[in-house]
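Input: a single structure, listed below in structure tokens.
The values are calculated or read from the model by the stated rules, or taken from the named source; none is laboratory data. For clarity, every value in this text was computed on a predicted model and none was experimentally measured. Virtual Cβ from ideal backbone geometry, glycine too; neighbours counted across all protein chains shown. For the accessible areas, the whole protein counts, side chains as well, though only heavy atoms, and no ligand, DNA or RNA atoms are used. Shrake-Rupley method; radii C 1.70, N 1.55, O 1.52, S 1.80 Å.
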Amino acid sequence: MHPLVEELLQQVPVVLDGAWGTQLQEQGLPVGTLPDLWNLENPDAVARVAASYVEAGSQIILTNTFGANRVNLKRYGLADRVEAINRQGVEISRSAANGRAKVFASIGPSGAMLVMQEITEEELDRAFGEQAEILATAGADGLVVETMSDLKEAQIAVRAAKRTGLPVVACMAFQAGKNLDRTLMGVTCKQAAEGLLEAGADVIGANCGRGIEGFAELLRQFREVTDAPIWLKPNAGMPEMVEGRVIYRTTPEEFASYVPALVAGGAQFVGGCCGTTPEFIRAICRVLGRTG
């Protein structure tokens, strides 16, 4: 296990941050716009999101780099800005953390499907390796491969991230199947746990996909096959479209009420994903008996 993960596990549960995309939309980011570009075009707004989570009590914050791999950026005509976007993303979060929180840089899916032969494994490895190296040299404390549906893609990203020498978290999004416990590509928690750990992940888990009420079952399934550290970032319920706006109905207090059971069930890292806000993090801190 990576020494930094061992250090963090001395203070479990570790409180993570909440959503970035929906929070940036609250700052004025138009729906459908690539959030990562705001690292360059509106860094003050990105910094406000990062700082708000530090103030709320997050011990680890992420970076606004979820979609900043070369494959995804190429769709927006931004392939030539891979380094600038990723480096600035880390610098913004590091400045906001100011030593009060660790910064784990976000690496999301490429958006290209291996199964459809839209991309090769070698191309994915180069894209994720490039992004991971930039994030590492920019000063990230760790890397988070997140919101993955394809286990093979996730494994490629994890292996590329591991080459930096930083601790690597790997999460998949479970939102399909009869019990909403499979990824969109049909991957089970058992398959994810075994595959991600085989690829070298230091911490594994689930993010996005569904609301927190379903995460206890995901956690149970992970714990059936591994005692590795678990990272959970659920949504604030399922998104609903109301008068042209996406809303999430779970309140911070409702969300936080599930956290003690997740911790008791063996989750060492807990935060939020889509629809969660700094108030959700404060509510988590309160139920854990911490300031927030």
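Taking the conditions exactly as written (modelled with pLDDT of 95 or more, in contact with a Ser or Thr (Cβ under 8 Å, 6 or more places away or on another chain) and within 22 Å of ASP17 (Cβ to Cβ)), does ILE61 satisfy them or not? When the stated conditions are applied, ILE61 passes them. Here is a check on your reading of the model: is ARG182 touching a Gly at 6+ places or on another chain (Cβ under 8 Å), at pLDDT 95 or above and open to solvent by 10 Å² or more (accessible area, probe 1.4 Å)? Against the criterion (touching a Gly at 6+ places or on another chain (Cβ under 8 Å), at pLDDT 95 or above and open to solvent by 10 Å² or more (accessible area, probe 1.4 Å)), ARG182 does not qualify.
Please go through region 95-118 and give me each residue that is crowded, with 17+ Cβ neighbours inside 10 Å and within 30 Å of LEU151 (Cα to Cα), ordered by number.
Matches in region 95-118: ALA101, LYS102, VAL103, PHE104, ALA105, SER106, ILE107, GLY108, PRO109, SER110, ALA112, LEU114.
Within region 219-234, the only residue that satisfies the criterion of being touching a Ser or Thr at 6+ places or on another chain (Cβ under 9 Å) and open to solvent by 10 Å² or more (accessible area, probe 1.4 Å) is GLN221. Taking each residue of region 203-220 that is within 16 Å of GLU146 (Cα to Cα) and looking for partners that are open to solvent by 10 Å² or more (accessible area, probe 1.4 Å) and among the charged types (D, E, K, R) with beta-carbon atoms closer than 7 Å, six or more apart or interchain, yields ASN207/GLU146; LEU218/ASP181.
Pairing each residue of region 256-281 that is within 21 Å of ALA51 (Cα to Cα) with any residue that is of a type in the set (D, E, K, R) and in a loop (DSSP other than H, G, I, E, B), provided the two are 6+ apart or on different chains, yields C-beta distances under 6 Å for GLY271/ASP17. What pairs come out if I take residues in region 124-136 that are more than 13 Å from GLU153 (Cβ to Cβ) and in a helix (DSSP H, G or I) and pair them with residues that are open to solvent by less than 50 Å² (accessible area, probe 1.4 Å) and among the small types (Gly, Ala, Ser) whose C-beta lies under 6 Å away, six or more apart or interchain? Once the first residue is more than 13 Å from GLU153 (Cβ to Cβ) and in a helix (DSSP H, G or I) and sits in region 124-136, its partners that are open to solvent by less than 50 Å² (accessible area, probe 1.4 Å) and among the small types (Gly, Ala, Ser) give GLY129/ALA160; ALA132/ALA160; ALA132/ALA161; LEU135/ALA105. A single member of TYR258, TYR248 is at pLDDT 95 or above, open to solvent by 20 Å² or more (accessible area, probe 1.4 Å) and aromatic (Phe, Trp, Tyr), and it is TYR258.
Checking each residue in region 160-179 for being over 22 Å from HIS2 (Cα atoms), open to solvent by 10 Å² or more (accessible area, probe 1.4 Å) and assigned to a loop (DSSP other than H, G, I, E, B) picks out GLN175, GLY177, LYS178, ASN179. Of all the criteria given as (1) more than 17 Å from the chain's Cα centre (by Cα); (2) free of Cβ contacts under 8 Å to residues at least 40 places away in the same chain, the one not satisfied by PRO35 is (1).
Is there a residue in region 153-167 that is at pLDDT below 95 and either touching a Ser or Thr at 6+ places or on another chain (Cβ under 9 Å) or within 22 Å of GLY18 (Cβ to Cβ) (or both)? Checked region 153-167: no residue is at pLDDT below 95 and either touching a Ser or Thr at 6+ places or on another chain (Cβ under 9 Å) or within 22 Å of GLY18 (Cβ to Cβ) (or both). Exactly one residue among ALA132, ALA216, ALA192, ALA157 is crowded, with 20+ Cβ neighbours inside 10 Å, within 20 Å of ALA267 (Cβ to Cβ) and small (Gly, Ala, Ser), and that residue is ALA192.
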